[in-house]
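*Asks:* My questions all concern the structure below.
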Amino acid sequence: MKTESYGKAEQMKYTKDEIAEYVAERDVKFIRMAFCDIYGKQKNISIMPTELDRAFADGIAVDASAIPGFGGAVRSDLFLHPDTSTLSVLPWRPEHGRVIRMFCSATHPDGTPAVADARSLLMRTVKEAEDQGFAFSFGTEIEFYLFRLDDAGEPTKIPYDMAGYMDIAPDDKGENVRREICLTLEQMGITPESSHHEEGPGQNEIDFRYADPVTAADNAVTFRAVVNTVAARSGLHADFSPKPLSDKAGNGMHINLSVKTQDGADATNGMIAGILAHISEMTAFLNPSEDSYKRLGNHKAPKYISYSSENRSQLIRIPAASGEFCRAELRSPDPTCNPYLALTLLIRAAMDGILRKLPLPAPAEINLFEAPAETLAAFRALPKTPAQARKAARESEFISSVLPQEIIDAYTE
């Protein structure tokens, strides 16, 4: 058994036997079997250590009839199968009688994957990309607001502070909250890259290092849970919605991505071209809420389908960086998206652009928020309303070739 200290062990890739030993040695009393519904909201069922062997051998049965996207009462039984590589202690739970978490795949009793299990869909997509010689990496930049609670403990729309972009304490009251979030993530084996106060009052951002697609999506789901937990322990409410305050900056989930090929060729242009070609069809999944469309086109959130270097008014920005840090940043998604679906779509769009050698349009080296109407007329716009986004998804041959019809229906009906 490996003997890493508490807080670092979660970074290890455990076997089933090692997990059983870990549970016994670390006084683990509950194992949370975690998964997400079709919209990316984390769910879980807790089992006792005595059920761990059954979980590994056969899976843990759950009634999924009330979980969005997982079917109705007719075909409600699903089995959760833990991914041993995702073992993580929940640091906010007691140290005696610890609680650990593993992400799971969901299958029907006959072993076929549950259609709504977007994590498994992403895993299959990554495997197919690797078989064709592509290795993708992702890092997210996720924004959220911190609001005060009222006397009854219910959330208000009163920001925790009135600080601005990258302000410091004492104006920035969220400094200690972000610190606790980052330290908690570290204990779970997740390494944040940076954190700071964002543009809006009470708004914060924490960025993640690059990771493989499934790990990046797992990290995004874990991040939302950690932020909500730390905020609640601090007597605050964390809000990830795209437009918590109508006249302030919205919350984005900027996605940084890069691709490597087996032959070492530079496929960045093809990757960007593919995403630009399919972004309208993907928007219903990257921006699934009504408020998503109040954010787009305001306070640096993109409105037009364009790209350029460094320019933050663009849909895709090529940040100033060198070597392993070279990447493309997609700025339209927001934190209400299902990260497993989002990364699945981006990989498929990128591969389509690379394999079909789609031409990359000229960069837009202008500020699109200040450009005259005649200049803007040359650019395609992102869908302006949820209805437009859903229509584009329903009519898309690309979307129908990538996602199961049940997922498309859930997002577009």
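*Asks:* Would you check which residues across region 360-395 are farther than 13 Å from Ile279 by Cα, of a type outside the set (D, E, K, R) and touching a strand residue (DSSP E or B) at 6+ places or on another chain (Cβ under 6 Å) and list them?
*Replies:* Passing the criteria: Pro363, Ala364, Leu368, Phe379.
*Asks:* Quick check: anything in region 171-178 under 21 Å from the mean Cα position of the chain (by Cα) and surrounded by fewer than 17 Cβ atoms within 10 Å (Cβ to Cβ)?
*Replies:* Checked region 171-178: no residue is under 21 Å from the mean Cα position of the chain (by Cα) and surrounded by fewer than 17 Cβ atoms within 10 Å (Cβ to Cβ).
*Asks:* Right, something else. Pairs, please: C-beta under 6 Å, at least 6 apart or cross-chain, first residue within 12 Å of Asn269 (Cβ to Cβ) and in region 351-364, second open to solvent by 60 Å² or more (accessible area, probe 1.4 Å) and in a helix (DSSP H, G or I)?
*Replies:* Short answer, once both residue conditions are applied: Leu360/Asn269.
*Asks:* Going through Ser280, Ser292 one at a time, which residue ends up being in contact (Cβ under 8 Å) with a residue 24 or more places away in the chain, polar (S, T, N, Q) and either open to solvent by 10 Å² or more (accessible area, probe 1.4 Å) or farther than 30 Å from Asp150 by Cα (or both)?
*Replies:* Ser280
*Asks:* Do we have Arg101 as basic (Lys, Arg), modelled with pLDDT of 95 or more and open to solvent by less than 30 Å² (accessible area, probe 1.4 Å) here?
*Replies:* On the way: basic (Lys, Arg): yes; modelled with pLDDT of 95 or more: yes; open to solvent by less than 30 Å² (accessible area, probe 1.4 Å): yes.
Taking the combined requirement at face value, the residue satisfies it.
*Asks:* Could you list, in sequence order, the residues of region 378-393 that are closer than 16 Å to Ser313 by Cα and out of contact with any Phe, Trp or Tyr (no Cβ under 6 Å at 6 or more places or on another chain)?
*Replies:* Within region 378-393, Ala378, Arg380, Leu382 qualify.
*Asks:* What are the pairs, 6+ residues apart or on separate chains, where a residue within region 107-123 that is closer than 13 Å to Val402 by Cα has its Cβ under 8 Å from a residue that is surrounded by 21 or more Cβ atoms within 10 Å (Cβ to Cβ) and of a type in the set (S, T, N, Q)?
*Replies:* Hits for this filter: Ala118/Asn338; Ala118/Thr344; Leu121/Thr344; Leu122/Thr344.
*Asks:* Are there any pairs with C-beta distances below 6 angstrom linking a residue in region 142-167 that is open to solvent by less than 90 Å² (accessible area, probe 1.4 Å) to a residue that is assigned to a strand (DSSP E or B) and among the aromatic types (Phe, Trp, Tyr), with the two at least 6 apart or on different chains, and if so which?
*Replies:* Pro155/Phe147; Thr156/Phe147
*Asks:* Moving on. Output the number of residues of region 244-258 satisfying the condition of being open to solvent by less than 20 Å² (accessible area, probe 1.4 Å) and either of a type in the set (Phe, Trp, Tyr) or within 18 Å of the chain's Cα centre (by Cα) (or both).
*Replies:* The qualifying residues number 8.
Every residue, every condition in (1) touching a Gly at 6+ places or on another chain (Cβ under 8 Å); (2) open to solvent by 60 Å² or more (accessible area, probe 1.4 Å); (3) closer than 23 Å to Phe285 by Cα; (4) in a loop (DSSP other than H, G, I, E, B), yes or no:
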site	(1), (2), (3), (4)
Arg312	no, yes, yes, yes
Tyr340	yes, no, yes, no
Leu345	no, no, yes, no
Asp352	yes, no, yes, no
Leu360	yes, no, no, yes
Ala387	no, yes, yes, no
Ala392	no, no, yes, no
Ile407	yes, no, yes, no
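The values are calculated or read from the model by the stated rules, or taken from the named source; none is laboratory data. Predicted model, so just to flag it, every value in this text is computed and none were measured. Neighbour counts are summed over all protein chains in view; Cβ atoms, including those assigned to glycine, are modelled from backbone coordinates with ideal geometry. We work out accessible area using only protein heavy atoms, side chains counted, and drop any ligands, DNA or RNA first. Shrake-Rupley method; radii C 1.70, N 1.55, O 1.52, S 1.80 Å.
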